Structures are given as C-alpha cells and as structure tokens.
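Notes for the one structure printed next.
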Amino acid sequence: MNETRPISQDQKPPLRLLLAAPRGFCAGVDRAIRIVEMALEKYGRPVYVRHEIVHNRSVVQRLERLGAVFIEELSEAPDDSRVIFSAHGVPKSVPEEAERRKLFYLDATCPLVSKVHIEAEIHHRAGRTIILVGHAGHPEVIGTMGRLPEGTMTLVETAKDAERVSPPEGASLAYITQTTLSVEDTAEIVAVLKRRFPSIVGPHKEDICYATTNRQEAIKEIVPRVDTVFVIGSANSSNSMRLVEVARRAGAQRAKLIENAGAIDWDLVEGANIVGLSAGASAPEVLVEEVIAAFRARFDLTVEEVTLMHEDVEFKLPRALQTA
C-alpha cells in the first residue's frame, strides 16, 4: 500500500526574482556620501551636513554613527564648524552665509544638478524668463530657484500647469528641469511648452540625469515579466517615487515603494510567481541584499539579474579632499 508522504513544513514555495540593472547608487550619490566619509576621516567629528546628504534613512543613520550631524539650516551649525551641502544643491544664499560666517564648507551638489544651475544663470544673463519643470518643495527645486533673484523663475509641475503658465508678453523664454523626474511626464510637459511657445529655448542635453533615465528604462524592461514590483527607496526620494510611477504606467498591477526588507508587504507577493525588484539612486546595495535574503527565507528563490546597460560614470571629489 502506497502512503502519501506529508509535505515538510520546511518546504518553501518556488519564486523567481527579477533584479533590474542598473539600480541603486548613481555617481552623484556615491560622490556625496564619499565626501562626508572623507571629511570625517580628514577633519574628525563632527561634520555638519545641511539637509540629508541623500534621501535615504539608512545612509543618513550610518553617517550619523560615523559622526555626521544633519541640520536643516546653517544657523544650526556652530561657529568654526565644518559644513557639507547635500547632493540636491542649495540656494546661492547658503554658501554666501557660510562665507560671511567664515565656515569651512564642502559642496556635495551633484555635478548634474550644478549643470542645471549653470544653465539657469546663462539664461538669466541672456535676459530670458525661465520655466522650471519640477516638484514644489523638493530641495533640488528650492536650490535651483534660489540661484537667481526671486521672481525670475516660474515653477511648472504638470502638463496642466504648462497649459496655464502665463509669462510676460513678448518675453524670451527658456526651460530647465529637475534632474529626477519621470522621463515620460517631463516629455509631456515640455511638449505643451513647445506647442505654446515655439521659440522657447531648452537645454542642449536633457536635464534629467542619466541615472534617473537608466533606472526607469530598466524597470520598464522587467515589468512585463513580473506579477509584483518592489522599489527600494525612501518616501522623500523623488527618483525612487518616480520608479514606482513608471512601473505602474508600464503595466505593473502591483508596485510598491519599500524602505527596507522590514517594509515588504507580503500580501502583494501572495499568488505571485515572479517578483521584480529595483532600487532608487539613493538606496545602497546592502538594502537590496537584505530584501533578497528576506525572500530567500520564505521561498525557494531563483534570482535573475536583467541588465539593460552598464554605468561607468564617476565624478571628481572637491579639491580639498582629493589628497585625503
């Protein structure tokens, strides 16, 4: 007589995990974090950082353990302290205040954000009225608008805003964009601006950074093959939030942002055969590894990395740290 053997409690259901590449840290984020680490090594603790160096809690907490002190305004930094400006960029008033107070400072602004600042200044000198495509309240937008006198730049967030924006009659126009936007949303907004203002001047090369674009394209590559998509990143990370939006727009029925492995919504995995995983440009790879480990603990996991392209971009460190 044949007996049916009970299924072991330790037996795990199979699951495939598609890992989007590129994902995680970009060159600008890597540079900013290295600036804080090297400043602490060279100058000792504490080093004050204006705003989160990048929008990721695990990164900020690790740097805090090393001796970084995060502040929102320079007024919180004591006299004679060493200060670092975050990767998102700052208004012109911030370095001016640091110089007035004779504070030693390092600027960790991403070079691609600095490129947008330079574009804005060139347009302003040329007498153009500038339209900035971006999200109100984001540090990068605050920093970019603060590079020029108040009232010389108008913020546009949506295509509807672009339909309503009313620059001075006869003004020469230019547009610039935040670097971490959805490529498709931005294209829609820019199309409206160009239709309404055919002579508007745009950037020679798109302002949305290579890393934002690559991560959006990589997640679109895996979406048709998966049942659920998770994006690792913090809720205040613009590029991470945009990855979730891009996944949904590409057809993902279930897509969610998670801070770390502890935030995985296992209900979204129920009934799934294939799960997709990516990480925003400010999320470290260690968080990806922890999420994979969490899946492996529950499932007989097969991991496949889907590589759309390889990135080899590097940005120079500030001169003060190049010999550190």
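Over region 112-196, calculate the relative contact order: mean separation of alpha carbon pairs under 8 Å at least 6 apart, over the residue count, as a percent.
39
As a check on your grasp of the helix formula, calculate [θ] at 222 nm for the chain: sum -39500 (n - 2.57) over DSSP H runs of n ≥ 4, divide by the residue count, round to the nearest 500.
Here the helix-only value at 222 nm equals -11000 deg cm²/dmol.
Could you give the length gained on full extension between Arg298 and Ile142, defined as 0.36 nm per residue of separation minus the Cα-Cα distance, in nm?
Details: separation 156, 0.36 × 156 = 56.16 nm, distance 4.33 nm.
Contour length minus the Cα-Cα distance gives 51.8 nm.
Using a 7 Å offset from the Cα along the Cα-to-Cβ direction at both Lys205 and Ala126, what is the distance between the two label points in nm, to one decimal?
Reported label-point gap for Lys205 and Ala126 is 1.7 nm.
How large is ³J(HN,Hα) for each residue in region 173-190, as worked out from phi by the Karplus curve 6.51 cos²θ - 1.76 cosθ + 1.60 (θ = phi - 60°), to whole Hz, x for Gly and Pro?
10, 9, 10, 9, 9, 4, 7, 10, 8, 5, 4, 5, 4, 5, 4, 5, 5, 5
Using +1 at the C-beta of Lys and Arg and -1 at the C-beta of Asp and Glu, which of His123, Ile33, Pro224 has the Cα lying farthest in the positive direction of the dipole of the chain?
Farthest towards the positive end: His123.
Rank-order 218-226, 57-65, 105-113 by packing density, defined as the average count of other C-beta atoms within 10 Å over each peptide's residues, highest first.
Sorting 218-226, 57-65, 105-113 by mean packing, highest first, produces 105-113, 218-226, 57-65.
What residue among Ala171, Gly276, His51 has its Cα farthest toward the positive end of the dipole of the chain, where the charges are +1 on Lys, Arg and -1 on Asp, Glu, each on the Cβ?
After comparing all options, I get Ala171.
Where the only charges are on Cβ atoms (+1 Lys, Arg; -1 Asp, Glu), what is the dipole of region 1-142 about its Cα centre, to the nearest 20 debye?
Roughly 420 debye, rounded to the nearest 20.
Put a dot 7 Å past each Cα toward the Cβ at Gln11 and Thr152; how far apart are the dots in nm?
Computed distance between label sites Thr152 and Gln11 equals 7.1 nm.
Which peptide among 312-320, 260-268 comes first, and what is the full order, when sorted by highest mean count of other Cβ atoms within 10 Å?
260-268, 312-320
With charges set only on the Cβ (+1 for Lys and Arg, -1 for Asp and Glu), what does the dipole of the chain come to about its Cα centre, in debye to the nearest 20?
440
Show me 230-243, 74-87 ranked by packing, highest mean number of other Cβ atoms within 10 Å first.
Ranking the peptides 230-243, 74-87 by packing returns 230-243, 74-87.
Which one of Phe299, Met309, Leu66 has its Cα pushed farthest toward the positive end of the charge dipole of the chain, where Lys and Arg give +1 and Asp and Glu give -1 at the Cβ?
Checked the options; the winner is Met309.
Compute the distance in nm between two label points, each set 7 Å from the Cα along the Cα-to-Cβ direction, one at Asp161 and one at Glu41.
Between Asp161 and Glu41, the simple spin-label model gives 4.0 nm.
Would you grab the residues whose amide H sits under 5 Å from the one on Ile232? Only those 5+ places off in sequence or on another chain, please, with H modelled 1.01 Å from N.
Ile258, Ser278, Ala279, Gly280
Determine the relative contact order of the chain: mean sequence separation of Cα pairs under 8 Å and six or more apart, normalised by residue count, in whole percent.
Worked out over the chain, it gives 26 percent.
Report, by chain and number, residues whose modeled amide H sits under 5 Å from the one on Thr154, excluding near sequence neighbours (fewer than 5 apart, same chain).
Ile130, Ile131, Leu132
Report, in cubic angstrom per residue, the convex hull volume of the C-alpha atoms of the chain. Present the calculation step by step, with values, prior to reporting the outcome.
On the way: hull volume 51.2 nm³, N = 324.
Dividing the Cα hull volume of the chain by its residues yields 158 Å³.
Treat region 8-139 as a sphere of radius equal to its Kirkwood radius over Cα pairs and apply Stokes-Einstein at 20 °C in a medium of 1.002 mPa s; give the translational diffusion coefficient in µm²/s, rounded to a whole number.
Details: Rh = 17.1 Å.
Rounded, D is 125 µm²/s.
Return the FRET efficiency for the residue pair Glu289, Ala171: r is the Cβ-Cβ distance, R0 is 41 Å, and the value is rounded to the nearest 0.05.
Efficiency, rounded to the nearest 0.05: 0.20.
Compute the acute angle (0 to 90°) between the alpha-carbon long axis of helix 210-222 and the principal axis of greatest extent of the alpha-carbon atoms of the chain; round to the nearest 10°.
30
Every number here is computed from the coordinates shown, using simple stated rules; none is lab data. Just so we're clear, the structure is a prediction, and the values are computed from it rather than from any experiment. With ideal geometry, Cβ positions are generated from the backbone for all residues, glycine too; neighbour counts draw on all protein chains shown.
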